[in-house]
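The structure appears below as structure tokens.
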Amino acid sequence: MRFDVISLFGPMFSAVSELGVTGRAHTQGRWSLHTWNPRDFTEDVHRTVDDRPYGGGPGMVMRVEPLERAVKAAREARQAADAPVVLLSPQGRRFDQRAAQELAASPGAILICGRYEGIDQRFIDRWVTQEISLGDFVLSGGEIAALAVIDATVRLLPGVLNDRESAIQDSFDDSLSGLLDCPHYTRPEQYGDEPVPEVLLSGHHANIVRWRREQSLRATATRRPDLIEAARKQGWLSRNDEKYLTGLAQAGQAN
């Protein structure tokens with residue numbers, strides 16, 4: 001897998017190429033990262049990448065030419081004239097675990113990190129094949145969003161996590177019916193007046209599996225009930241799941 005990132009702040013991406021599990025995977029050659037600074041594709045002495053918006057208004061707009069040249073250079077380096085070009089944008093598809101899984105199954109992408117007031121729409125119309133959003137909030141640029149996309153995607157690649165089961169037991173994964181993960185505990189067995197739940201010390205595998213499922217259902221019903229409804233629509237909840245959720249609802253009403 002290869003990510004090409006077009007950004008004015010390429011050094012920010014050392015966070016994923018040098019640190020943590022993604023950094024280790026990068027060193028092992030499981031994925032590669034290449035950054036391209038639009039300023040390197042300008043033709044004036046000031047290396048200008050932005051200009052004032054037509055029609056007036058605050059802020060500056062990133063120009064077409066430097067971005068276009070950077071994309072062409074990235075595609076040539078990838079030897080892929082049709083490599084997808086992804087813009088991190090509030091207008092894009094909401095990035096979620098399913099999107100990360102789809103991207104992890106691909107050869108990667110060219111990520112465009114905007115700055116200032118925005119990017120000239122003509123560049124978007126000509127070159128961008130997909131827009132991705134982290135959520136309904138505004139960042140100073142696309143770099144933090146691109147870092148999140150890369151991290152979420154790379155950790156799903158084969159061999160990146162030491163335990164291959166780790167990724168499929170994450171929150172939102174299909175193996176958990178798209179629900180939130182259950183609570184986790186480690187040593188010490190007793191912390192202050194809080195012990196580890198007894199079932200986790202029992203060695204009874206079936207009881208542990210059931211407890212984890214119920215805790216996942218409880219957390220999701222309490223914090224993200226929309227995910228419960230989505231799981232129902234997919235037919236992912238069993239009769240035992242529904243029975244447990246009914247008991248939770250009745251207990252809540254009684255309280």
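None of the figures in this text is laboratory data; all of them are computed from the coordinates on show. Please read these numbers as outputs of a predicted model, since none were measured by experiment. Backbone-built Cβ (ideal geometry, glycine too); neighbour counts: all protein chains shown.
Tell me the angle of helix 239-254 to the major Cα principal axis of the chain, expressed in degrees between 0 and 90 and rounded to the nearest ten.
Tilt of helix 239-254: around 80 degrees.
Collect residues whose amide H, placed 1.01 Å from N in the peptide plane, falls under 5 Å from the amide H of residue 131; neighbours closer than 5 in sequence don't count.
87, 93
If one takes the longest principal axis of the Cα atoms in the chain, at what angle in degrees, from 0 to 90 and to the nearest 10, does the Cα axis of helix 225-234 lie?
Tilt of helix 225-234: around 90 degrees.
Sort 113-124, 2-13, 89-100 for me by packing, meaning the mean count of neighbouring Cβ atoms within 10 Å per residue, highest on top.
Working: 113-124: 18.4, 2-13: 20.3, 89-100: 15.2.
Ranked from most to least packed, the peptides come out as 2-13, 113-124, 89-100.
Relative contact order of the chain: what whole-number percent is it, with Cα pairs under 8 angstrom and at least 6 residues apart?
Details: 352 pairs, mean separation 42.8, N = 255.
RCO, the chain: 17 percent.
Return the distance in nm (one decimal) between the two label points of a simple spin-label model at residue 32 and residue 162, each offset 7 Å from Cα along Cα→Cβ.
2.9 nm
Starting at the first residue of the range 86-100, write each ³J(HN,Hα) from the Karplus equation 6.51 cos²θ - 1.76 cosθ + 1.60 with θ = phi - 60°, in whole Hz, x for Gly and Pro.
10, 9, 7, 8, x, 8, x, 5, 5, 6, 9, 4, 5, 5, 5
Computed from these coordinates, which is Rg and Dmax of the Cα atoms in Å: (1) 22.8, 72; (2) 17.4, 54; (3) 20.9, 74?
Entry (1).
Sum -39500 (n - 2.57) across every DSSP H segment of at least 4 residues in the chain, then divide by the residue count to get the 222 nm mean residue ellipticity, nearest 500.
Values: 10 runs with 103 residues, N = 255.
Theoretical 222 nm ellipticity from helices: -12000 deg cm²/dmol.
Tell me the angle of helix 143-154 to the major Cα principal axis of the chain, expressed in degrees between 0 and 90 and rounded to the nearest ten.
50 degrees
Using amide H atoms built 1.01 Å from N in the peptide plane, name the residues 5+ places from residue 5, or on other chains, whose amide H lies under 5 Å from its own.
34, 35, 36, 111
Quick one: if you stick a label point 7 Å off each Cα along the C-beta vector at residue 94 and residue 191, how many nm between them?
3.1 nm
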